[in-house]
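Asks: If you scroll down you'll find the structure; I have some questions about it.
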Amino acid sequence: MTSATTVKTEYEAIIGLETHCQLSTNTKIFSSSSTAFGADPNTNIDPVCMGLPGVLPVLNEKVLEYAVKAGLALNCQIAKYSKFDRKQYFYPDLPKNYQISQYDLPIAEHGWLEIELLDADGNPKRKRIGITRLHMEEDAGKLVHAGSDRISGSTYSLVDYNRAGVPLVEIVSEPDIRTGQEAAEYAQELRRVMRYLGVSDGNMQEGSLRCDVNISVRPVGQEKFGTKVEIKNMNSFSAIQKAIEHEIERQIEAIESGEKIIQETRLWEEGSQRTISMRTKEGSSDYRYFPEPDLAPIEVSEAQLSQWRGELPELPAQKRHRYESELGLSAYDTRVLTEDVIVSQYFEEAIASGANPKAAANWITQDIAAYLNKQKLSITEIGLTPANLADVITRIETGKISNAQAKQKLPELLTGLSPEKAFAGQELISDPSVLEPIVDEVIAANPKELEKYRNGNINLKGFFVGQVLKKTNKRADPKLTNELVEKKLNG
């Protein structure tokens, strides 16, 4: 395979993503069937989503609201007038033999999304990825391939129509992406935005977020695009990155060996870590689009637009910028804290309760995060409230307890023990008149270590400090203890 260095210096990848986000409405886009995930096959269906004769679709108003909010969050121009179209193709998971989508007049166009990557020094590198369009459409059903055959694999297929008619927005990026890492970050940022808005849960494992990649390769300096190949079947962000990196190498090898690259759809095969050919790629003319006759055009009023714009929350990129500029946090901390809207809310409530922002960020991204990962919990499931975390941090900063004491008590605090009870009788000894006799006693009890220290083994200072902490059950103020021990040892 071609090396990554060759890819960077001699060839350039042109990458765009088509992302389908399932909207978190209770019912389907044109009917009243439930959108709940995990129901028994073919139970969340109705005459409309199955396309039975004589039925008519009715647009779910919440779908329009969610689509417009997503478009606004992606800095798109919202169309005052748009319409639905029929996209016709014949496949077993499409009960009507056409999909209701949007073609030439989508609900949103001409936007952008900022992505952020960290360099080797932890500095943020930001880039805007253009958004060509965002449009509403209905999902198809799901084919389940079953049976077992040594040669052909499955021997028959089943179809589950529960997903048919589930509302989607398809978000098409401009071909502004150049690497697999950028593509994976774009997809992750898109999911963050949708989750912050509350319009999609973005769960890739449940099919709520599905990405198709369009990729071509050209020599650096060439303006004309190469032949575009589409990649499907990527069910994780790491798979998106690996599939793109593999496909870049495959196309470069083909170019250098004189092989013609054909416009096709390929599948990412996780087991073999490669892309394999699925079918030649269709063009828009193959779908024979025409305006959906059973649905009226959509008009978004200024009042609706103003209301929905006013309901937008602070989005992930906005929070990252604010945390860095106003709170002085590192780019790494801001990324961790803004990954999940619930975590960012916890952090901000801790600050509002008086916590030092940097200290709160450290506790949340390190000790608390480690506990959550180990216990497989979310931050909403712990007993340490943001106010109590602020209390702990304030006790440390005012010298009432040490950082070590707080870490020792953290498991109990996380299960709901209050700081008052956790540190009752545990306040640090910060009075020199109390601590100095204890230091004298420790030094007197260890004459051999004292002699070694004064003969040049200065590392033994840590031994004496440790003995003082042990004798006081870690209640001795660490800073004061260090000062007193050094003074006594050198006196």
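Asks: What list of ³J(HN,Hα) values in whole Hz, one per residue of the stretch 216-231 in order, does the Karplus curve 6.51 cos²θ - 1.76 cosθ + 1.60 (θ = phi - 60°) give from phi, with Gly and Pro shown as x?
Replies: 9, 10, 9, x, 4, x, 7, 7, 5, 5, x, 6, 7, 10, 9, 10
Asks: Pop a pseudo-label 7 angstrom from the Cα along the beta-carbon direction at both Glu486 and Ser257 and give the gap in nm to one decimal.
Replies: 6.7
Asks: Within the accessible area of the stretch 1-132, what % is carbon and sulfur when the probe is 1.4 Å and the other protein chains stay in place?
Replies: Exposed carbon and sulfur together represent 51 percent of the surface.
Asks: Using a probe radius of 1.4 Å on heavy atoms only, what accessible surface per residue do you get for the chain? Whole Å² is fine.
Replies: Result: 49 Å² per residue.
Asks: Equivalent-ellipsoid semi-axes (√(5λ), Cα gyration tensor) for the stretch 159-261, whole Å, largest first?
Replies: Semi-axes, largest first: 30, 16, 12 Å.
Asks: Turning to a different aspect of this structure: Please identify every one of the trypsin sites (Lys or Arg not before Pro) in the stretch 182-234 that sits in a loop by DSSP and has no more than 11 other beta carbons within 10 Å of its own beta carbon.
Replies: When the trypsin sites (Lys or Arg not before Pro) of the stretch 182-234 are filtered for loop state and at most 11 Cβ neighbours within 10 Å, Lys224 remain.
Asks: Continuing with the same structure: Roughly how many Å is it from the Cα centre of the stretch 389-423 to that of the stretch 252-272, as a whole number?
Replies: 57
Asks: What is the percent carbon and sulfur in the accessible area of the stretch 437-491, measuring with a 1.4 Å probe over the protein chains and ignoring ligands?
Replies: 50
Asks: Let me ask another. So for the pair Ala444, Gln273, with labels modelled 7 Å out along Cα→Cβ, what separation do we get in nm?
Replies: Label-label distance for Ala444 and Gln273, simple model: 6.7 nm.
Asks: So, one more: Between 0 and 90 degrees, rounded to the nearest ten: what's the tilt of helix 180-197 against the longest Cα principal axis of the chain?
Replies: Tilt relative to the chain: about 90 degrees.
Asks: Pairs of lysines 8 or more apart, or on different chains, with alpha carbons under 24 Å: count those in the stretch 370-434, would you?
Replies: The number of close lysine pairs in the stretch 370-434 is 8.
Asks: Asn42 to Glu174: FRET efficiency via 1/(1 + (r/R0)^6), r the Cβ-Cβ distance, R0 35 Å, to the nearest 0.05?
Replies: So, using R0 = 35 Å, E works out to roughly 0.35.
Asks: Straight-line reach from Lys80: which lysines have Cα under 18 Å away, leaving out those fewer than 8 places along the same chain?
Replies: Lys62, Lys69
Asks: How about Lys487: which lysines have a C-alpha closer than 17 Å to its C-alpha, ignoring those fewer than 8 places off in the same chain?
Replies: Reachable lysines: Lys452, Lys461, Lys479.
Asks: Can you give me the % of accessible surface on the stretch 354-408 that is carbon or sulfur? Probe 1.4 Å, all protein chains present, nothing else counted.
Replies: 50
Asks: For the pair Thr280 and Arg126, what calculated FRET efficiency results from E = 1/(1 + (r/R0)^6), where r is the Cβ-Cβ distance and R0 = 45 Å, to the nearest 0.05?
Replies: The value I calculate is 0.75.
Asks: Something else: Can you compute the modelled spin-label distance between Gln375 and Ser433, with each label point 7 Å from Cα toward Cβ, in nm?
Replies: In this crude label model, Gln375 to Ser433 measures out at 4.3 nm.
Asks: Please identify every one of the GluC sites (Glu not before Pro) in the stretch 145-249 that sits in a loop by DSSP and has no more than 11 other beta carbons within 10 Å of its own beta carbon.
Replies: Listed in order of number, the matching sites are Glu223.
Asks: Can you list the HN-Hα couplings for the stretch 328-335, worked out from phi with the Karplus curve (6.51, -1.76, 1.60; θ = phi - 60°), rounded to whole Hz and with x for Gly and Pro?
Replies: Once rounded to whole Hz, the list reads x, 7, 6, 4, 5, 4, 5, 5.
Asks: Relative to the longest principal axis of the C-alpha atoms of the chain, give the angle of the C-alpha long axis of helix 432-444, reported between 0 and 90° and rounded to the nearest 10°.
Replies: Long axis of 432-444 versus the principal axis of the chain: about 80 degrees.
Asks: For the stretch 178-200, list residues with backbone N below 12 Å from a point placed 7 Å from the Cα of Glu206 toward its Cβ?
Replies: 200
Asks: Can you tally the net charge around Asp367? Count Lys and Arg as +1, Asp and Glu as -1, for every other residue whose Cβ sits under 12 Å from the Cβ of Asp367.
Replies: +3
Asks: Multiplying the sequence separation of Leu143 and Ala424 by 0.36 nm and subtracting their Cα-Cα distance, what value in nm do you get?
Replies: Full-extension gain reported as 95.1 nm.
Asks: To the nearest 10 degrees, how steeply does helix 61-73 sit against the main Cα axis of the chain, on a 0 to 90 scale?
Replies: Tilt relative to the chain: about 60 degrees.
Asks: Further, regarding this structure: Below 15 angstrom from the Cβ of Asn162, what's the summed charge of the other residues (Lys, Arg +1; Asp, Glu -1)?
Replies: -4
Asks: Please go through the stretch 37-142 and write out the chymotrypsin sites (Phe, Trp or Tyr not before Pro) that DSSP classes as loop and that have at most 12 other C-beta atoms within 10 Å.
Replies: Those satisfying the criteria are Phe90.
The values are calculated or read from the model by the stated rules, or taken from the named source; none is laboratory data. Computed from a prediction, not measured in an experiment: that's the story for all the values here. Cβ sites come from the backbone with ideal geometry, for glycine too, and all protein chains shown count toward neighbours. Remember, those area values only see protein heavy atoms, side chains included, never the ligands or the DNA or RNA. Shrake-Rupley method; radii C 1.70, N 1.55, O 1.52, S 1.80 Å.
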